[in-house]
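In what follows, a structure is listed as structure tokens, so that the remarks can point back to it.
The values are calculated or read from the model by the stated rules, or taken from the named source; none is laboratory data. Since this is a predicted model, take the numbers as computed values, not measurements. Neighbour counts run over all protein chains shown; Cβ positions are idealised from the backbone, glycine included.
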Amino acid sequence: MEELPKSSSLIVSQNAGIMDSISVKFEDCANMFQESEVRDMYGFNNGGNFIEVVCGCTSYRFGDSVGKLRVYSSGALEIKCECNPACNEVLKPTEFEKHALKETPGKWRSNIWVTIGGQKVPLSRTVLLRPFEVCKRADL
């Protein structure tokens with residue numbers, strides 16, 4: 001099992017090698033990711049109880065809509081839309097996908113991307129969803 005930072009607490013109950021429940025509490029966002037995992041993400045910023053990166057969603061008809069994705073230590077995700085200077089909306093990923101007028105909404109993990117090393121990479125292929133997924137499993 002991967003070792004967690006000292007400021008984290010991990011409670012795992014196992015039955016015959018199967019994980020029944022998991023609860024991870026992160027005290028500091030600096031411990032959510034290793035530097036090597038996020039170093040090449042465009043616009044990366046550590047903001048205390050969240051990290052922030054530039055993200056976007058591409059509509060083939062209207063082009064790219066850009067925003068800033070915040071990943072909170074609680075697992076919450078929000079995107080501050082920057083599609084135009086007058087837009088000040090703070091949206092959930094599903095709402096941002098619709099706001100960007102994506103032709104096939106509903107697959108936000110694949111449709112919303114971040115820039116890593118100059119390439120658009122879907123959220124599903126990054127470590128940014130890790131806190132979200134851990135909290136989602138803990139709620140089950």
Test: residue in region 74-81 that is in a helix (DSSP H, G or I), polar (S, T, N, Q) and within 20 Å of E35 (Cα to Cα): no
Some residue of region 42-53 being touching a residue at least 24 places away in the same chain (Cβ under 8 Å), touching a Gly at 6+ places or on another chain (Cβ under 8 Å) and surrounded by 14 or more Cβ atoms within 10 Å (Cβ to Cβ): yes
Looking only at region 61-91, and only at residues there that are in contact with a strand residue (DSSP E or B) (Cβ under 9 Å, 6 or more places away or on another chain) and among the basic types (K, R), the one that is nearest to I51 (Cα to Cα): R70
Unique residue being surrounded by fewer than 18 Cβ atoms within 10 Å (Cβ to Cβ) and either in contact with a strand residue (DSSP E or B) (Cβ under 7 Å, 6 or more places away or on another chain) or not in a loop (DSSP other than H, G, I, E, B) (or both) when the list is T94, T104: T94
Restricting region 107-120 to residues that are over 11 Å from G56 (Cβ atoms) and either in contact with a Pro (Cβ under 6 Å, 6 or more places away or on another chain) or of a type in the set (V, I, T) (or both), the residue that is surrounded by the fewest Cβ atoms within 10 Å (Cβ to Cβ): S110
Residue within region 122-133 that is under 17 Å from F33 (Cβ atoms), in a helix (DSSP H, G or I) and in contact with a Gly (Cβ under 6 Å, 6 or more places away or on another chain) present: yes
Scan of region 54-73 for residues that are touching a residue at least 40 places away in the same chain (Cβ under 8 Å) and not in a strand (DSSP E or B), ordered by number: Y60, R61, S73
Odd one out for A86, checked against (1) among the aliphatic types (A, V, I, L, M); (2) in contact (Cβ under 8 Å) with a residue 24 or more places away in the chain; (3) assigned to a loop (DSSP other than H, G, I, E, B): (2)
Residue match in region 85-96 (condition: over 15 Å from the mean Cα position of the chain (by Cα), hydrophobic (A, V, I, L, M, F, W, C) and at pLDDT 90 or above): yes
Residues that are hydrophobic (A, V, I, L, M, F, W, C) and either surrounded by fewer than 16 Cβ atoms within 10 Å (Cβ to Cβ) or farther than 15 Å from P122 by Cβ (or both), drawn from region 76-91: A76, C81, C83, A86, C87, V90, L91
In region 34-56, residue modelled with the highest pLDDT [restricted to those that are within 15 Å of L129 (Cβ to Cβ) and not acidic (D, E)]: C55
